[in-house]
Amino acid sequence: MNYLIAILISLAILGLVLLVLSLVRTPHYQLDREAVLRFLSLVVNGQASDNDWSVFTSVPIRHDAQLERVRLRCVELEQQYYLGSTRSGHLLSAEGIEHLQALLETLQSQQD
């Protein structure tokens, strides 16, 4: 009798775990235009971290071709002007920040 109760409790726990796992969704990283604008503004202002930059440049933006072109341009800027963390907080050199500012302004003008 004790075995039967243990088996029923085990099955109930297993069923509960499977139910919870079926309802929980996997998190995903999907940027929209406003998030990209905010992020680029943070980079220009020296408020973005190395980690923020790495995530942005590493993850393709498959749902929006224009945002993917912006990301790829940021990868190019990274290859040419990336400094990493500095005392000023800027991840890119002054010239890189100028290019990024122009990219940000272009993206903002296309949004309006």
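The values are calculated or read from the model by the stated rules, or taken from the named source; none is laboratory data. This one's a predicted model, so the numbers in the text were calculated from it and none came from an experiment. Every residue, glycine as well, gets a Cβ built from its backbone with ideal geometry; the counts of neighbours run over all protein chains shown.
Annotations
- Qualifying positions in the range 42-57 - small (G, A, S) and either part of a helix (DSSP H, G or I) or more than 14 Å from the chain's Cα centre (by Cα) (or both): G46, S54
- Check on A35, surrounded by 10 or more Cβ atoms within 10 Å (Cβ to Cβ) and farther than 30 Å from Q66 by Cα: no
- Selection status of V55, at pLDDT 90 or above, touching a Leu at 6+ places or on another chain (Cβ under 7 Å), surrounded by 13 or more Cβ atoms within 10 Å (Cβ to Cβ) and not charged (D, E, K, R): no
- Failed condition for Y29, given (1) of a type in the set (S, T, Y); (2) at pLDDT 90 or above; (3) surrounded by fewer than 12 Cβ atoms within 10 Å (Cβ to Cβ); (4) under 30 Å from S93 (Cβ atoms): (2)
- Scan of the range 33-62 for residues that are free of Cβ contacts under 8 Å to residues at least 24 places away in the same chain and among the charged types (D, E, K, R), ordered by number: E34, R38, D52, R62
- Residue check for A94: among the aliphatic types (A, V, I, L, M), surrounded by fewer than 17 Cβ atoms within 10 Å (Cβ to Cβ) and within 13 Å of S41 (Cα to Cα): no
- Summed over the range 1-41, residues that are in a helix (DSSP H, G or I) and under 30 Å from E105 (Cα atoms) total 9.
- Reported count of residues in the range 42-52, each being closer than 22 Å to Q111 by Cα and loosely packed, with under 14 Cβ neighbours inside 10 Å, is 1.
- Residue that is farthest from L37 (Cα to Cα) [pool: residues in the range 58-112 that are touching a strand residue (DSSP E or B) at 6+ places or on another chain (Cβ under 9 Å) and assigned to a loop (DSSP other than H, G, I, E, B)]: L83
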